[in-house]
């Protein structure tokens, strides 16, 4: 989490539903909702340009200034979810949960692979990165923007598992299965063979069995 918490200006949405949300977006707003801490969910509108700029920079914690709010105390929120359009390109809605800066939160943090893996010098070797984020629990004030994973020493046939990743602070707790692979070096031909074998197995498993059908040998004997 960066030193200064960015601020989002927000206004209440009196009308909800897809038709009204579309109008909000057409006017440069981004529909959102704030929930949690035992209070009622509040539909809000935030400035789409400002919000998306912060999201793009990896910001997840915000100070929310709600227009017309009677409480002068600052309200802090954590970005929980982004919804995209049917093409998966444009953000159309986002969810925030109310938080206290001194509480521990559970969230996913993106993984950033750093370094050039040693195994990539081998012919046909590729770096596979099946896991994009780690689920952790930590103090909100310690929430990192990314978790760096150094793959410089990774060789062909080797893998980095979630449990191998060193979290930025000892007070952070890993919630992702420690045996899940974060990154590994494989030879491309082997990776293709594994994929083809998986596909064939899936096709065989999907072939329906006809009840009452004779085995192939019996059918041939009966002809």
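Some values worked out for this structure:
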item	result
Cβ pairs under 8 Å, 6+ apart, first in the stretch 45-60 and closer than 16 Å to residue 33 by Cα and not assigned by TED's automatic domain parsing to the domain that holds residue 144, second surrounded by fewer than 15 Cβ atoms within 10 Å (Cβ to Cβ) and at pLDDT below 90	60/145
Unmet criterion (only one of (1) farther than 20 Å from residue 21 by Cα; (2) in a strand (DSSP E or B); (3) under 23 Å from the mean Cα position of the chain (by Cα); (4) not assigned by TED's automatic domain parsing to the domain that holds residue 144) for residue 65	(3)
Residues located in the stretch 80-127, provided they are under 17 Å from the mean Cα position of the chain (by Cα) and touching a residue at least 40 places away in the same chain (Cβ under 8 Å)	91, 92, 93, 94, 95, 96, 97, 106, 107, 110, 111, 113
Filter result for residue 81 (modelled with pLDDT under 95, outside the structural domain of residue 32 (by TED's automatic domain parsing) and either under 21 Å from residue 50 (Cβ atoms) or assigned to a loop (DSSP other than H, G, I, E, B) (or both))	no
Test: residue in the stretch 125-148 that is exposed (fewer than 15 other Cβ atoms within 10 Å of the Cβ) and closer than 30 Å to residue 19 by Cβ	no
Flag if residue 78 is within 26 Å of residue 164 (Cα to Cα) and surrounded by 13 or more Cβ atoms within 10 Å (Cβ to Cβ)	no
Check on residue 120, in a loop (DSSP other than H, G, I, E, B), at pLDDT 90 or above and surrounded by 12 or more Cβ atoms within 10 Å (Cβ to Cβ)	no
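The values are calculated or read from the model by the stated rules, or taken from the named source; none is laboratory data. Fair warning: this is a prediction, and the values are worked out from it, not measured in the lab. We place every Cβ from the backbone using ideal geometry, glycine too, and count neighbours over all the protein chains shown.
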